[in-house]
Amino acid sequence: MSLPLHGQGADSPRPEPTHFPPEPAEAVAALEAAASAAGDERDRLLRQAVATWPTLLDGWARLAQEALARNEVVEAYAYARVGYHRGLDRARQAGWRGAGPVPGDHPPNQGFVRSVWMLGRAAAGIGESDEAQRCQDLLADLDPQNGLGVA
């Protein structure tokens with residue numbers, strides 16, 4: 001359930017979608033190389049990508065996803081939390097005011113949306129149900145059309 005913005009009625013128009021600028025081409029290529037790798041090599045390439053580009057949101061989200069796949073929930077939570085906080089910074093820089101869509105079908109937004117999704121899953125995995133619910137609610141607000149296909 002999305003709540004209206006503070007001071008905004010239910011009939012008020014929703015904010016315009018926020019679209020992040022593109023990631024550096026080299027960073028995207030590094031993520032693609034990691035996605036093509038398997039096992040330890042994928043993990044190494046993901047770690048190398050975020051060490052080289054620490055603001056690479058999808059790198060943090062993918063590290064969280066890999067950690068969850070290995071049932072390393074605490075590590076997944078930490079990676080996702082970094083992606084989430086860096087994503088909030090990026091969203092604000094792009095004009096987002098704390099509510100409204102950041103569509104997951106726009107590739108530069110996907111790291112933030114995926115980080116929120118991973119944070120919710122990891123929070124549930126460590127029994128932090130309130131945080132998991134907040135992430136679910138935020139996902140519904142950020143990506144109401146489920147452009148990333150994670151809801």
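Every read-out reported here was derived from the displayed coordinates using simple, explicitly stated rules and does not represent laboratory data. In this text the structure is predicted, and so the values were computed from the model without any measurement. Please note: Cβ atoms are built from the backbone with ideal geometry, for glycine as well, and neighbour counts cover all protein chains shown.
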So what's the Cα pair-distance distribution over segment 73-151, bin width 10 Å, in %? 21, 56, 22, 1
Calculate for the chain the 222 nm mean residue ellipticity that helices alone would give, adding -39,500 (n - 2.57) per DSSP H run of length 4 or more and normalising by residue count, nearest 500 deg cm²/dmol. -19500 deg cm²/dmol
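Are there trypsin sites (Lys or Arg not before Pro) in segment 33-101 that DSSP puts in a loop and that have at most 14 other Cβ atoms within 10 Å, and which ones? Before the final figure, lay out each step's value.
Working: sites: R42, R44, R47, R62, R70, R81, R86, R90, R92, R97; in loops: R70, R97.
Qualifying residues, ordered by number: R70, R97.
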Compute log10 of I(q)/I(0) for the chain with the Debye formula, placing one identical point scatterer on every Cα and leaving out solvent, at q = 0.09, 0.12 Å⁻¹, to two decimals. -0.27, -0.48
Where does each of V74, V50, V28, V113 land when they are ranked from fewest to most other beta-carbon atoms within 10 angstrom? V74, V28, V50, V113
Shape of segment 31-81, Cα gyration tensor, a/c cut at 1.5: oblate
Which order results if R114, R121, R134 are arranged by neighbouring Cβ count within 10 Å, fewest first? R134, R121, R114
Which residues' amide hydrogens lie under 5 Å from the amide hydrogen of T18, considering only partners 5 or more residues apart or on another chain, with H built in the peptide plane? V102
Please report the spacing between the Cα centers of segment 17-31 and segment 119-151 in Å, no decimals. 22 Å
